[in-house]
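The values are calculated or read from the model by the stated rules, or taken from the named source; none is laboratory data. Source: prediction; values computed, not measured. Here the Cβ positions follow ideal geometry from the backbone for every residue, glycine too, while neighbour counts run over all protein chains shown. Side chains included, ligands, DNA and RNA excluded: accessible areas come from the protein's heavy atoms. Shrake-Rupley method; radii C 1.70, N 1.55, O 1.52, S 1.80 Å.
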Amino acid sequence: MLVAEGAKVVLADVLVNNAVLYAGYIHYSMSELPVDYWEKFMKVNVTSMLLTTQAVIPAMTAQGKGKIINQSSTAGALSGNVYGLTKLAVQGLTVAFARELAVHNVNVNCIGPGVTNTRATLDHYPDGKMDQFVEQLHLIKRAATPDDHGKALIHLASDESDMMTGQILRTDGGAFLLPV
């Protein structure tokens, strides 16, 4: 979608951190969560974003601009499982890097999707359970599409978001509301 909108997609201009381990997710309770499962999720969903961001910082700070967009999830705010905790950690990384890199004109923001109509989600919520989950969670009574998140990504990668940093742009159909 970025290329279709005419964006120049170069690693040093825009970084989209979209690493995620979700397909085949097992709902362990926190008290029974195996440490190796915890470490696997942290490594893919958090550590990979840390290392990728660190890799582009020199180029972005040298040119005096850049956009870093992290993919999180509404699960970061709403769930108490390992997937949700990793997505909450992504939001924390977003804020930490935003504070550090703003002086270099590097914007660091985050997209926080809600339930999204993808094969992985449909596999995770079979037999119409995804629709039931959306009905309970989203104020807008439909699952999001990848295009819904792509539009938010385009906004965050564009000049229109130059005054945004450290923000979580929620594309979650109103699942998570936080007054200021």
What accessible area per residue, rounded to a whole number of Å², is obtained for region 65-166 using a probe radius of 1.4 Å? 48
If Rh is defined by the Kirkwood formula over all Cα pairs and Rg also comes from Cα, what ratio Rg/Rh do you get for the chain? 0.97
In a Gaussian network model of the chain with springs linking alpha carbons closer than 10 Å, the residue among Leu51, Leu21, Leu137 that fluctuates most is Leu51
Expressed in nm², what is the orientationally averaged projection area of the convex hull enclosing the Cα positions of region 89-180? 6.8
Expressed in square angstrom to the nearest 10, the accessible area of Ser31 with a 1.4 Å probe stands at 110
Between His27 and Leu139, what is the spin-label point distance in nm, taking each point 7 Å from the Cα along the Cα→C-beta axis? 2.5
Going by a ≥ b ≥ c, the root eigenvalues of the Cα gyration tensor, does region 1-108 fall in the rounded group (a/c under 1.5), the prolate group (a/b larger than b/c) or the oblate group? prolate
Using a Gaussian network model of the chain whose springs link C-alpha atoms within less than 10 Å, name the residue from Gln71, Gln132, Gln91 with the highest mean-square fluctuation. Gln132
So, with a 1.4 angstrom probe, what is the percent of accessible area on region 54-180 that is carbon and sulfur? 56
